[in-house]
1. Can you name every residue in segment 15-50 that is among the basic types (Lys, Arg) and not assigned by the TED database to the domain that holds Ile81?
2. Just need a number here: residues in segment 47-64 that are in contact with a helix residue (DSSP H, G or I) (Cβ under 9 Å, 6 or more places away or on another chain) and either closer than 20 Å to Val2 by Cα or part of a loop (DSSP other than H, G, I, E, B) (or both).
3. Go through (1) under 17 Å from the mean Cα position of the chain (by Cα); (2) open to solvent by 60 Å² or more (accessible area, probe 1.4 Å) and name the single condition Pro73 misses.
4. Given the conditions (1) touching a residue at least 12 places away in the same chain (Cβ under 8 Å); (2) touching a Lys or Arg at 6+ places or on another chain (Cβ under 8 Å), which single one is not true for Ser20?
Amino acid sequence: MVDSSSQELQSLLDDWALLSSRLGVRRSKAPESISTESALIYDGVKLLATAIQDLDQSQTVEIQSISCESAIPWEKGSSLINYMRPVI
C-alpha cells in the first residue's frame, strides 16, 4: 500500500530524519518506509491542506472559533467538502 520508491516519500523520510536529529531524537537507523496507517494520515492531511488552498483561491477563508458542542456548522464546510470530493 505504501510505495517505498516514491520520491515524495523519500523526501518526507529525509525531512523526518533531519528534524529528528535537530530535536536530539536518536534512532538506530533511518526508517526506510512508513506504516500504512501513517501513510493514510499523511494523505488525509495533504488532501485537507490542498482543498483549503484551492478553496482559498476562489473564496476568502477566514479562521473562526467553532465548537464541537454547537449545532452551527462552519460556513465554508460544505465548500471544503466539495473541493475534496473530486479527488477522493
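The values are calculated or read from the model by the stated rules, or taken from the named source; none is laboratory data. Computed from a predicted model, the values in this text were never measured in an experiment. Note: ideal-geometry Cβ built from the backbone for every residue, glycine included; neighbour counts use all protein chains shown. For the accessible areas, the whole protein counts, side chains as well, though only heavy atoms, and no ligand, DNA or RNA atoms are used. Shrake-Rupley method; radii C 1.70, N 1.55, O 1.52, S 1.80 Å.
1. First pass over segment 15-50, keeping only residues among the basic types (Lys, Arg): 22, 26-27, 29, 46.
Arg22, Arg26, Arg27, Lys29 - these are the residues of segment 15-50 that are among the basic types (Lys, Arg) and not assigned by the TED database to the domain that holds Ile81.
2. Residues flagged as in contact with a helix residue (DSSP H, G or I) (Cβ under 9 Å, 6 or more places away or on another chain) and either closer than 20 Å to Val2 by Cα or part of a loop (DSSP other than H, G, I, E, B) (or both) within segment 47-64 amount to 4.
3. Result: Pro73 passes all but (1).
4. Unmet condition: (1).
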